[in-house]
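In what follows, a structure is listed as structure tokens, so that the remarks can point back to it.
The values are calculated or read from the model by the stated rules, or taken from the named source; none is laboratory data. All of these numbers come straight from a predicted model, not from anything done at the bench. Virtual Cβ from ideal backbone geometry, glycine too; neighbours counted across all protein chains shown. Heads up: the accessible areas ignore ligands, DNA and RNA and are worked out on the full protein's heavy atoms, side chains in. Shrake-Rupley method; radii C 1.70, N 1.55, O 1.52, S 1.80 Å.
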Amino acid sequence: MNTPTPPAAPVIGVLALQGDVREHLAALTGAGAEARSVRRPEELAVVEGLVVPGGESTTIFKLARIFDLLEPLRERVRSGMPAYGSCAGMIMLADKILDPRSGQETVGGIDMIVRRNAFGRQNESFEAAVDMAGVDGGPVEGVFIRAPWVESTGAGVEVLASVEGHPVAVRQGSLLATSFHPELTGDHRVHRLFTEMVLSARPQR
């Protein structure tokens, strides 16, 4: 009897322009992915999925444009590449920002409107246990640092978790976003969920 060959580890990039790049790389590796930094279009072209980390969304937008990554990012997302955004990454994957900085744009892809810094400034950061659909084993530890929340979603968006009545984790097809930073906790379950999404998005042979 032949034993099925397990699928090769998915190649998942982390947008390495700003933010918790090293922590996301470690979490993806812990979740079973082959993790790579992405700074150039040719690096983006060879990954199966991408994490957009936290940081400052306006800075990430500006650097993505400087590094000629903004349009390639939009094209890959439009063509179905799985992507996961945490904190500022959630803002980058939103179709609309409620209170954008002057000239600020996003990659888009998730039919939602987000509010920047909705939970407060840096000194109002907090942690909370978050019950997240699709993640087994009990609540995940949510680290909220100048975190956004989701003001509203379109019909195709699934709300996976809420805090204080506001959505903080959402999914639309192959796109995932959280207001919080799971990469800072040592718990790889959210990254494992995304790794499974990337595997599921592979073309069937």
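A few comments on the model shown:
- Qualifying residue in the range 95-104 (condition: without any contact (Cβ under 8 Å) to a residue 12 or more places away in the chain, farther than 22 Å from GLU23 by Cβ and open to solvent by 50 Å² or more (accessible area, probe 1.4 Å)): yes
- Among the residues of the range 31-56, those identified as in contact (Cβ under 8 Å) with a residue 24 or more places away in the chain, in a helix (DSSP H, G or I) and open to solvent by 40 Å² or more (accessible area, probe 1.4 Å) are PRO41, GLU43.
- Residues satisfying the stated conditions in the range 110-149, i.e. surrounded by fewer than 18 Cβ atoms within 10 Å (Cβ to Cβ) and touching a helix residue (DSSP H, G or I) at 6+ places or on another chain (Cβ under 7 Å): GLY134, GLY137
- Matching residues in the range 145-154 - criterion: being among the hydrophobic types (A, V, I, L, M, F, W, C) and either in contact with a Pro (Cβ under 8 Å, 6 or more places away or on another chain) or without any contact (Cβ under 8 Å) to a residue 40 or more places away in the chain (or both): TRP149, VAL150
- Candidates ALA147, ALA155, ALA169, ALA128, filtered to the one that is touching a Cys at 6+ places or on another chain (Cβ under 9 Å) and either within 26 Å of LEU25 (Cα to Cα) or part of a loop (DSSP other than H, G, I, E, B) (or both): ALA147
- Enumeration of residues in the range 142-160 that are out of contact with any Lys or Arg (no Cβ under 8 Å at 6 or more places or on another chain) and over 14 Å from CYS87 (Cα atoms): SER152, THR153, GLY154, ALA155, GLY156, VAL159
- Scanning the range 25-43 for residues that are within 19 Å of ILE60 (Cβ to Cβ) and of a type in the set (Ser, Thr, Tyr) turns up just one, SER37.
- With respect to the conditions (1) free of Cβ contacts under 8 Å to residues at least 24 places away in the same chain; (2) under 23 Å from GLY173 (Cα atoms), ILE66 falls short on a single one, namely (2).
- Residues satisfying the stated conditions in the range 57-71, i.e. more than 30 Å from PRO7 (Cα to Cα) and either of a type in the set (Val, Ile, Thr) or open to solvent by less than 50 Å² (accessible area, probe 1.4 Å) (or both): SER57, THR58, THR59, ILE60, PHE61, LEU63, ALA64, ILE66, LEU70
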